[in-house]
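In what follows, a structure is listed as structure tokens, so that the remarks can point back to it.
The values are calculated or read from the model by the stated rules, or taken from the named source; none is laboratory data. Worth saying up front: this structure is predicted, and the values here are computed from it rather than measured. Methodologically, a virtual Cβ is constructed for each residue, glycine included, from the backbone with ideal geometry; neighbour enumeration extends over all protein chains shown. Ligands, DNA and RNA are excluded from the accessible area calculation, which covers all protein heavy atoms including side chains. Shrake-Rupley method; radii C 1.70, N 1.55, O 1.52, S 1.80 Å.
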Protein chains: 2
Amino acid sequence: MKLHILGCYAATPRTLTNPTSQVLEMKNQLFLIDCGEGTQVQLRKYKIKFSRINHIFISHLHGDHFFGLPGLISTFRLLGREKELHVHGPKGIKEAITLLLKLGDSWTNYPLVFHELSSLGPELVYEDDTVAVTTIPLEHRVYTNGFLFREKPGERKLNVDAVAKYKVDRAYFRNIKNGKDVLMDDGSVLVNSELTYDPPKPKSYAYCSDTAYKPDIVEQISGADALYHESTFLESEAHLSAKTKHATAKEAASIAKSANVGALVLGHYSTRYKSIALFKEEAQEIFPNVYLADDGKVFEF
Amino acid sequence: MKLHILGCYAATPRTLTNPTSQVLEMKNQLFLIDCGEGTQVQLRKYKIKFSRINHIFISHLHGDHFFGLPGLISTFRLLGREKELHVHGPKGIKEAITLLLKLGDSWTNYPLVFHELSSLGPELVYEDDTVAVTTIPLEHRVYTNGFLFREKPGERKLNVDAVAKYKVDRAYFRNIKNGKDVLMDDGSVLVNSELTYDPPKPKSYAYCSDTAYKPDIVEQISGADALYHESTFLESEAHLSAKTKHATAKEAASIAKSANVGALVLGHYSTRYKSIALFKEEAQEIFPNVYLADDGKVFEF
């Protein structure tokens, strides 16, 4: 599981800091999460293969999280995309994108499918054989969701020595990997746990931005391998944080601790601070395993 | 008169090439012309004072000419703008921007005034004491206007020696600069041309992008000091140019020659070509005074 940070700063794009966008690589798929202005340039800069992105998840409709989407959608058309592109985001996103494409008389020549979100509770928004994605309802100035990406358990690993010892026929291997026991010709039963090892533990990633401190998400994201939680402010600006429905580094750490996640990645920094190292310092007073997102950084979990 | 090129490449933004946007400095005012994705970052990069921009002119509603506008408008809000901002662009632009701001529940706290264009003939869209801006109807796949920026004639320059010689009272100077003759106490008349010099010739700039070859614009832009004319293609790709309603470098040069402009600036290059120098070579076969726009370049006319 790999996380590419394309942009992780709050508010307006600047020469060296980009608004929110990231790509999650999970089970050999690329998921784009949020799409601030300039995302397509960041994708190019970090040599991420655009064409492998089939699902885009938009947390909320503030510009710094989605003003790059119309351009990316248009660029897919110019690049001759034919595959479906799925956009998951708040109600209204379809009308906005559709209007922009209509005004430019430049509708996509590939199928563009919108999945509009309005549920106030967690909702399964994407699922295939290997991955499931569920919304994490957040609290911000507008309707906002985080997203929980979960790998599904893989098949069990064959214990090669055991199947050899019991002379199990290859024909049974598929069933064995799927957890089945084996009925042998002599009527005996080989239980699956003797023939297989547990598969690697499925990984999970929780993306929570933008949001006020919202402890009721803890249960849903509990035990995630990695949590990206916004930390627009430090505690010294907690008054701004409350007013704008953002979180502080300390609050992000407190969520990480309560949810017992593997790692906390901080981001969505206000550019008012001299160094983002301050966010890590503050968070580590509560939770030890803290990483700082930064544009262009790649995390492997 | 200064022209700052922020972006001048066709289609999608790339790491090193930006879609169309430029700032014209005329009579101490800054006019933003087109606003492709990333324009606000380019404005920062080239240290152009955002706050001095009060009028934005959008040629047409293809993404590479206006997908940077919602972000720029939002950024003005974050920067605490209070002055009016005027956006001149094709009908539909108000609905698009308004919808995006509404979805993000982030209406501007400064007055945002739209001037929607739909006229098929030239139309005066902006005028003050020193500058007038008129649309130049162009031919593209969607409704498109170029813009002709004209300085108004300044006041006449006082001939200091002449007014001293005739002992003209200072009280008359304002009228003299405005072209008036002077009735002297002895009943004689000093004609204005004896007391003043002609003011500097008012400058003009014609912006024509995107457009197919459209010779009927020649009369309107005749004698402009500078013409920016798109040249998406070279003549070798004239078939694509015709199909997509763009122009070739040769066609741009032919317009420049017929209109007898002072200088031709080429831009809106397709990124298919190895070097933009090819555009200049092709154009100079028709018209000598050719400049190549490039991101970050500044022209002074």
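Taking 20 °C and 1.002 mPa s as the conditions, I'd like the Stokes-Einstein D for segment A:157-197 in µm²/s, using the Kirkwood hydrodynamic radius from alpha carbon pairs. Write out the running numbers ahead of the final one.
Values: Rh = 9.9 Å.
Calculated translational D: 216 µm²/s.
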Subject >> Per-copy distances of the B:SER258 label point, shortest first, in nm (7 angstrom along Cα→Cβ) >> reply: 7.1
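Using Cα-Cα distances under 8 Å and only pairs 6 or more residues apart, what relative contact order does chain B have, in percent? Numbers along the way, then the final one.
On the way: 669 pairs, mean separation 48.8, N = 301.
Normalised by residue count, the contact order of chain B is 16 percent.
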Original post:
Per the 1.4 Å probe, what fraction of the accessible area of segment B:157-197, in percent, lies on carbon and sulfur atoms?
Top reply: 50 percent
Subject >> Computed [θ] at 222 nm, helices only, for chain A once each DSSP H run of length n ≥ 4 contributes -39500 (n - 2.57) >> reply: -6500 deg cm²/dmol
Subject >> Label point 7 Å beyond Cα along the C-beta direction, distances from A:SER118 to other copies (nm, shortest first) >> reply: 3.0
Subject >> Proximal aspartates and glutamates relative to A:LYS201, as straight alpha-carbon distance under 14 Å, when same-chain residues fewer than 8 apart are discounted >> reply: A:GLU151, A:GLU155, A:ASP225
Subject >> Alpha carbon centroid spacing (whole Å) that separates segment B:226-255 from segment B:147-161 >> reply: 35 Å
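Rolling a 1.4 angstrom probe over the protein heavy atoms, how many square angstrom per residue are accessible across the protein assembly as shown? Could the numbers behind the result be given before it?
Values: 26130 Å² over 602 residues.
Here the per-residue accessible area is 43 Å².
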Original post:
Among B:PRO200, B:TYR291, B:ALA96, which residue has its Cα positioned farthest towards the positive end of the charge dipole of the protein assembly as shown, with +1 placed on the Cβ of Lys and Arg, -1 on the Cβ of Asp and Glu, and the dipole taken about the Cα centre?
Top reply: B:TYR291
Original post:
Just the projected area, averaged over all directions, of the convex hull on the alpha carbon atoms of chain A: how many nm²?
Top reply: 18.6 nm²
**OP:** Once you have all Cα-Cα distances for segment B:192-244, histogram them in 10 Å bins from zero and send the whole-percent values.
**Re:** 19, 35, 23, 11, 7, 4
**OP:** Project the alpha carbons of the protein assembly as shown onto their principal axes and report the range along each, largest first, in whole Å.
**Re:** 134, 58, 34
**OP:** Multiply the residue gap between A:GLU95 and A:GLU235 by 0.36 nm, knock off their C-alpha separation, and tell me the result in nm, one decimal place.
**Re:** 46.6 nm
**OP:** Please list, or write none, the lysines whose alpha carbon is within less than 19 Å of the alpha carbon of B:LYS49, excluding same-chain residues fewer than 8 places away.
**Re:** B:LYS2, B:LYS27, B:LYS83, B:LYS297
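Work out the length of the dipole vector of segment B:157-197 about its Cα centre, built from +1 on the beta-carbon of each Lys and Arg and -1 on the beta-carbon of each Asp and Glu, and round it to the nearest 20 debye.
Details: 7 positive and 6 negative charges, 53 e Å.
So the dipole magnitude of segment B:157-197 works out to roughly 260 debye.
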Original post:
If each of A:SER258 and B:ASN159 carries a label point 7 Å out from its Cα toward its Cβ, how far apart are those two points in nm?
Top reply: 8.6 nm
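Need one number: % antiparallel among DSSP beta bridges in the protein assembly as shown, to the nearest 5.
Values: 63 of 117 bridges.
That works out to approximately 55 percent antiparallel.
How big is the A-B contact in terms of buried accessible area, both chains counted, 1.4 Å probe, rounded to the nearest 100 Å²?
Numbers: alone 14460 and 14430 Å², together 26130 Å².
The contact between B and A buries close to 2800 Å².
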Subject >> Potential lengthening between B:ASP129 and B:GLU25 on full extension [0.36 nm per residue; Cα-Cα distance subtracted] >> reply: 35.9 nm
**OP:** Would you mind listing the distances between the A:ASN28 label point and the same position in each other copy? Use 7 Å along Cα-to-C-beta, nm, one decimal, shortest first.
**Re:** 6.7
**OP:** Give, ordered by residue number, each residue of segment B:3-23 whose 1.4 Å probe accessible area is reduced by a minimum of 30 Å² on adding the remaining protein chains to the chain alone.
**Re:** B:THR12, B:PRO13, B:ARG14, B:THR15
